[in-house]
Amino acid sequence: MIKERKINKEIIEKHKYCDICGAEIRMELACNSARCMYCRRDLCEKCIGYEEEDRSSDYRDVWCKDCWELGNEYRPKIEKLDEEIRELYEEWQTKCKQFSK
């Protein structure tokens, strides 16, 4: 025998909001969400300061406008050091190739 019983359940909806402007963010796939790489705030599309074009992972690499602006002081220094590191690797590789001749 099958009897029907009515059960009232409380349904909870989750909504996600931008931590900067408060706009509602559609909750889609995790790889579509935007969270600042440094301060970890959830971002809507208009509050993204910069997004990496070359995605090496399934997730978006984005920075909020505040963190991206703060990076103006650091990015040139980092790029200079990256270039120095590349040059050291090339020098090391060149010396190693001399041994194989």
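FYI, it's all coordinate maths here, none of it is from the lab. Keep in mind it's a predicted model, so treat the numbers as computed, not measured. Positions of Cβ are generated from backbone atoms using ideal geometry, with glycine treated the same way; all protein chains shown enter the neighbour counts.
For a footprinting-style exposure proxy, rank W63, W92, W68 by other Cβ within 10 Å, fewest first.
Numbers: W63 22, W92 10, W68 18.
Taking fewest neighbouring Cβ atoms as first place, the list is W92, W68, W63.
Please quote Rg/Rh for the chain to two decimal places, taking the Kirkwood radius as Rh and restricting both calculations to Cα atoms. The partial results should precede the final answer.
Numbers: Rg = 24.2 Å, Rh = 18.0 Å.
Looking at the chain, the ratio lands at 1.35.
Sum up the charges of everything whose Cβ sits under 10 Å from the Cβ of D19, counting Lys and Arg as +1 and Asp and Glu as -1, but leave D19 out. Please report the intermediate quantities before stating the final value.
Values: positive: K16, R35, R40, R41; negative: D42.
So the environment of D19 carries a net charge of +3.
Could you check the spin-label model distance between I7 and D66? Points 7 Å from the Cα along Cα→Cβ, value in nm.
Inter-label distance under the simple model: 4.4 nm.
Exactly which GluC sites (Glu not before Pro) in region 29-63 are in a DSSP loop and have at most 13 other Cβ atoms within 10 Å?
E52, E53
In percent, how large is the relative contact order of the chain, given Cα pairs closer than 8 Å and 6 or more residues apart?
On the way: 100 pairs, mean separation 17.7, N = 101.
Relative contact order here is 18 percent.
Given the DSSP H assignment, sum -39500 (n - 2.57) over each helix run of at least 4 residues in the chain and divide by its residue total; what's the result at 222 nm in deg cm²/dmol, nearest 500?
Values: 2 runs with 31 residues, N = 101.
Value at 222 nm, helices only, nearest 500: -10000 deg cm²/dmol.
Could you sort 15-22, 75-82 so that the peptide with the highest average Cβ count within 10 Å comes first and the rest follow in order?
Working: 15-22: 13.5, 75-82: 10.0.
Put in order of decreasing packing, that is 15-22, 75-82.
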